[in-house]
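A quick write-up on the structure given underneath.
The values are calculated or read from the model by the stated rules, or taken from the named source; none is laboratory data. The structure displayed is predicted, hence computed values, not measured ones. Every residue, glycine as well, gets a Cβ built from its backbone with ideal geometry; the counts of neighbours run over all protein chains shown. Side chains included, ligands, DNA and RNA excluded: accessible areas come from the protein's heavy atoms. Shrake-Rupley method; radii C 1.70, N 1.55, O 1.52, S 1.80 Å.
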Amino acid sequence: MRLEHPVLNASGTFDAIAARRVFGDALLERFPFAAFVTKTVTLEPRQGNPPPRLWELAGGMINSIGLPNKGLRGFLASDLPELAELPAPLVVNVMGFRREEVARLVAAMDEREEVAALELNVSCPNVKTGLVMGADPGETAALLDEVRPLTGKPLIVKLTPNATSPAAVAAAAEAHGADAVSLINTLRGMALDPHDRAPRPRPWLGGGTGGVSGPAVRAMALVQVREVRDRVAIPIVGMGGVQRGRHVAELLGAGAELVAVGTESFRDPLAGERVVAEWRRDVANSGISTPSEARA
Ligand code: RRO
């Protein structure tokens, strides 16, 4: 895939279909991202976790969304035709609770020419079994052994920061056929209900615990991208707390080829466009023009 610049959206943080309703065709004329990554699609439709689903922190937020989505059939029937109109390659993020579910999702997406690439979400912190496949190198290898033969499209494995060694999981993904890895997903965290005065206040989030994102996690993203870069040769999509063009340069410098904007789009829906403009201006001022030059 050839992309116009290195900035994508992080899965689940920019709803292009809703944005199109609000901004109309202006969204297509000024589409901020070099490729568009969908919110996670599962085999069956899901309601998601009970509310509240968000907690705002000084340095970002905690989410416990719980993968609400229309399921594979609903995605193919109603979301995919709309997403195919975006002027950027489409990356579909998929997650299964068992390997066979991921395999069915990958096989179905392989048949659709509108889908440019797949991101395997083995790192959702908000469902009980979601983490297992991505927390263990052996499980990640077994997943890739099952799904790699099913598609020739690029496969990106989205890594969890909640594993003992994300770099070991990345190495297993690479050895078993992944084309790229993306990181970081959110870090497990929790907030307590501020209205609950009991000695042991209840959690605020309906799902109990959640995933921390935003500027608070940027330093963790940087070190994990660097450690993964030291272990694998495949491209890395780096993300975690990107708010400005400067942060794109930092993740490229840590070893990423592409960078995603996530939580900042909740605060500023035009963040993608702004971050790209800032990064382009910094590049023009510095004379650096490629990610590999930025790393040198
Ligand atoms: O939907 C979610 O709760 C969610 C997902 Br799938 C994910 O991968 N990461 C996250 O922080 N939340």
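Quote the FRET efficiency, to the nearest 0.05, computed for Leu57 versus Arg148 with a Förster distance R0 of 25 Å and r equal to the Cβ-Cβ distance. Step by step, r from the Cβ atoms, then E = 0.10. Remark on Arg188: its backbone amide H falls under 5 Å from those of Val212, a criterion applied only to residues 5 or more positions apart or on other chains, H modelled at 1.01 Å from N. Rounded if a/c is under 1.5, else prolate if a/b beats b/c, else oblate: with a ≥ b ≥ c from the C-alpha gyration tensor eigenvalues square-rooted, which is the range 81-231? Prolate, because a/c is 1.5 or more and a/b exceeds b/c. Solvent-accessible surface of protein heavy atoms, probed at 1.4 angstrom with all chains present, puts Thr164, Thr40, Thr13 in the order Thr164, Thr13, Thr40, largest first. Annotation: for a label point projected 7 angstrom from Cα along Cα→Cβ of Arg99, residues of the range 148-177 with backbone N closer than 20 Å are 148-153, 155-160, 168-177. In whole percent, how big is the carbon plus sulfur part of the accessible area of the range 46-170, probe 1.4 Å, protein atoms only? Here carbon and sulfur together make up 53 percent of the probe-accessible area. Largest accessible area first, the residues Lys70, Lys153, Lys158, Lys39 order themselves as Lys70, Lys39, Lys153, Lys158 under a 1.4 Å probe with ligands, DNA and RNA left out. Calculated accessible area for the range 193-296 comes out at 49 Å² per residue, all protein chains present (probe 1.4 Å; ligands, DNA, RNA ignored).
Taking every protein chain into account, the 1.4 Å probe leaves Arg280 with about 110 Å² of accessible area, to the nearest ten. Taking amide H positions as modeled 1.01 Å from N, with prolines and chain starts lacking one, the residues under 5 Å from Asn93 and 5 or more places away or on another chain are Thr38, Val41, Glu119. Computed from phi, the 3J(HN,Hα) profile of the range 194-201 under the Karplus parametrisation 6.51, -1.76, 1.60 (θ = phi - 60°) reads x, 8, 8, 8, 5, x, 10, x Hz, with x in place of Gly and Pro.
The slack in the chain from Ala18 to Gln47, taken as 0.36 nm per residue of separation less the alpha-carbon distance, amounts to 8.6 nm.
Ordered by 1.4 Å accessible area with all protein chains kept, Glu85, Glu101 run largest first as Glu85, Glu101. Legend: Rg and Dmax of the chain, from Cα coordinates, 18.2, 58 Å.
Accessible area per residue was computed with a 1.4 Å probe on protein heavy atoms; Ile236 scores about 0 Å². For the range 34-102, the per residue solvent-accessible surface stands at 44 Å², with DNA, RNA and ligands left out and a 1.4 Å probe.
Extending 7 Å from Cα along the Cβ direction at His195 and again at Ser78 yields two label points whose distance is 3.1 nm. Counting only DSSP H runs of at least 4 residues, each contributing -39500 (n - 2.57), and dividing by the residue count of the chain, the helix-based mean residue ellipticity at 222 nm comes to -9500 deg cm²/dmol.
For the range 192-296, the share of accessible area belonging to carbon and sulfur comes to 55 percent (1.4 Å probe, ligands and nucleic acids excluded).
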